[in-house]
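Note sheet for the following structure.
Every read-out reported here was derived from the displayed coordinates using simple, explicitly stated rules and does not represent laboratory data. Note that the structure is predicted; figures quoted are calculated from it, not measured. All Cβ positions, glycine included, derive from the backbone under ideal geometry; neighbour counts span all protein chains shown.
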Amino acid sequence: MDIREKLHNGDLYLPMDEQLMHEQMKCMERLYDFNLTRPLEQERRQELLKEMFAEIGEGCYIEPPLRANWGGHHVHFGKGIYANFNLTLVDDTHIHVGDYTMIGPNVTIATAGHPILPELREQAYQYNAPVHIGKNCWIGAGVIIIPGITIGDNSVIGAGSIVTKDIPAGVVAVGNPCKVMREINERDREYYFRDRKIELE
């Protein structure tokens, strides 16, 4: 079996493969260039993101610095996604993020894991599991999402949460480990923050 298949099918593999590392370094070069862009170089940033990511929709904005094991090579972003400073994408396999999702600062989305058995870790074995985040989600500051997680459309993950199990659509979830606190409800149509009413002009 080709080692590239093992990146995406959950099998154990050794990531120090020479050919893999060569491909990975090429991706990291583009990421390096992206992180060195100046604030007024928005067009250059967009050009680089289109080269770096597996897919990236229109109107996405990613605030540097961005960290990614494969420079975004296995990342699929829909349209209108916003990601704040210090997004870390452990993109050894695929990460899918739906349209209009917002990602706060210092978020980590990881697809790579290592065996519990010490003897295998000593040899640097690794496995990967994809992450799927739905449309129009809000991932709060400092959230960590571990390999293999799915988050449903329109859900909110509270700041500082560690997401260790799948989260359904249309809920507010928070904590370590992250748990569903409540469904998004009618009160949310009236209040946007504590007792602050929605009054759009």
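With a ≥ b ≥ c taken as the square roots of the eigenvalues of the C-alpha gyration tensor of segment 3-197, please select rounded if a/c is under 1.5 and otherwise prolate if a/b is larger than b/c or oblate if it is not? Cα axes put segment 3-197 in the oblate bin. Only lysines eight or more places from K179 in sequence, or on another chain, were considered; those with a Cα closer than 27 Å are K135, K165, K197.
Only helical runs count toward this figure. For the chain, summing -39,500 (n - 2.57) over DSSP H runs of n ≥ 4 and dividing by all residues gives -6000 deg cm²/dmol at 222 nm.
Which is farthest toward the positive dipole end of the chain among H73, T111, Q126, measuring Cα position about the Cα centre, with Cβ charges +1 (Lys, Arg) and -1 (Asp, Glu)? Final value for the positive-end residue is T111.
Kirkwood radius, segment 58-165, all distinct C-alpha pairs, inverse of mean reciprocal distance: 13.9 Å. Give me the percent relative contact order of segment 62-201, please, defined on Cα pairs under 8 angstrom at least 6 residues apart. Worked out over segment 62-201, it gives 15 percent. By other beta-carbon atoms within 10 Å, ranking R67, R121 with the fewest at the front produces R121, R67. Between the residues H94, Y13, G142, the greatest Cα displacement towards the positive end of the dipole of the chain, with unit charges on the Cβ of Lys, Arg, Asp and Glu, is found for G142.
Magnitude of the charge dipole for the chain, about its Cα centre and with charges confined to Cβ atoms of Lys, Arg (+1) and Asp, Glu (-1), is about 600 debye.
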